[in-house]
Amino acid sequence: MKTAIFAGSFDPFTIGHDSVVRRALPLFDRIVIGVGVNENKKSMYPADRRVADIAALYAGEPKIEVKAYSDLTVDFASREHAGFIIKGVRSVRDFEYEREQADINRKIGDMETVLFYAEPHLESVSSSMVRELIHFGRSVDEFLPVR
């Protein structure tokens, strides 16, 4: 069974994240969406809400599970018996960061990273941009997946 994890803070989970998951589905037998919990980082939404919201989005998809974790992504992937880490990249800056992470994850966990490039119309969508719009009272419906 080919298992992959798609890890991030997902605060909130955007249409860009959803695009990556839906494009990865045909490649893997199981995808675990890992909601990273970092106690040193202030989140807009608590982890249990992020997990519940994402799980509701994929309620009809048996290949997807959603779980919170608070340790290294590579350790979470190992516990889930995943051989792959899925990442989305929107820019050269994202690519360089993810390349470095992939190198470390391969060295310390024998874990391969699979990159999905953002669809052109989603390149500017990010969780931080959505949080900023929410902070200023703007509608973000067009940036969040529909359940």
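The values are calculated or read from the model by the stated rules, or taken from the named source; none is laboratory data. Computed from a predicted model, the values in this text were never measured in an experiment. Neighbour counts are summed over all protein chains in view; Cβ atoms, including those assigned to glycine, are modelled from backbone coordinates with ideal geometry. To get the accessible areas, we keep the full protein, side chains included, count just its heavy atoms, and leave off ligands, DNA and RNA. Shrake-Rupley method; radii C 1.70, N 1.55, O 1.52, S 1.80 Å.
Here, the stretch 1-127 yields an orientationally averaged convex hull projection of 7.5 nm² when only Cα atoms define the hull.
The charge dipole of the stretch 27-87, taken about the Cα centre with unit charges on the Cβ atoms of Lys, Arg (+1) and Asp, Glu (-1), comes to about 180 debye, rounded to the nearest 20. Based on alpha-carbon atoms, the Kirkwood radius and the radius of gyration of the stretch 99-147 give Rg/Rh equal to 1.17. Quick one: angle between helix 92-109 and the longest Cα principal axis of the chain, in degrees between 0 and 90, rounded to 10, please. Helix 92-109 and the main axis of the chain meet at about 40 degrees. Taking a straight line from the alpha carbon of Lys107, these aspartates and glutamates sit under 16 Å away, with near neighbours fewer than eight places off in the same chain left out: Asp75, Glu98.
Only the Cβ atoms of Lys and Arg (+1) and of Asp and Glu (-1) were treated as charged; on that basis the dipole of the chain about its Cα centre amounts to roughly 120 debye. Here the stretch 9-146 exposes an accessible surface that is 52 percent carbon and sulfur, computed with a 1.4 Å probe and the other protein chains kept in place.
Per residue, the average separation of C-alpha pairs within less than 8 Å and at least 6 apart gives the chain a relative contact order of 32 percent.
Taking the longest Cα principal axis of the chain as reference, the axis of helix 15-24 is set at about 30 degrees. Counting Lys and Arg as +1 and Asp and Glu as -1 over every other residue whose Cβ lies under 13 Å from the Cβ of Leu122, the net charge comes to -2.
Counting only alpha carbon atoms, the long axis of helix 47-57 and the longest principal axis of the chain meet at about 90°. Put the Cα centre of the stretch 60-123 next to the Cα centre of the stretch 15-40 and the gap is 8 Å. Look at the dipole of the chain built from charges on Cβ: of Gly36, Leu133, Ile64, the Cα furthest out on the positive end belongs to Ile64.
Applying the Karplus relation 6.51 cos²θ - 1.76 cosθ + 1.60 with θ = phi - 60° to the stretch 133-138 yields 3J(HN,Hα) values of 4, 4, 4, 9, x, 8 Hz, where x marks Gly and Pro. Placing +1 on the Cβ of every Lys and Arg and -1 on the Cβ of every Asp and Glu, with nothing else charged, gives the stretch 78-131 a dipole about its Cα centre of roughly 160 debye. Accessible surface computed residue by residue for the stretch 1-72, with neighbouring protein chains in place and a 1.4 Å probe, gives 49 Å² per residue. Summed over qualifying helices (DSSP H, 4 residues or more, each -39500 (n - 2.57)) and divided by its residue number, the chain shows a 222 nm mean residue ellipticity of -11500 deg cm²/dmol. Positive end of the dipole of the chain (Cβ unit charges, origin at the Cα centre): among Val146, Ile15, Ala77, the Cα lying farthest that way belongs to Val146.
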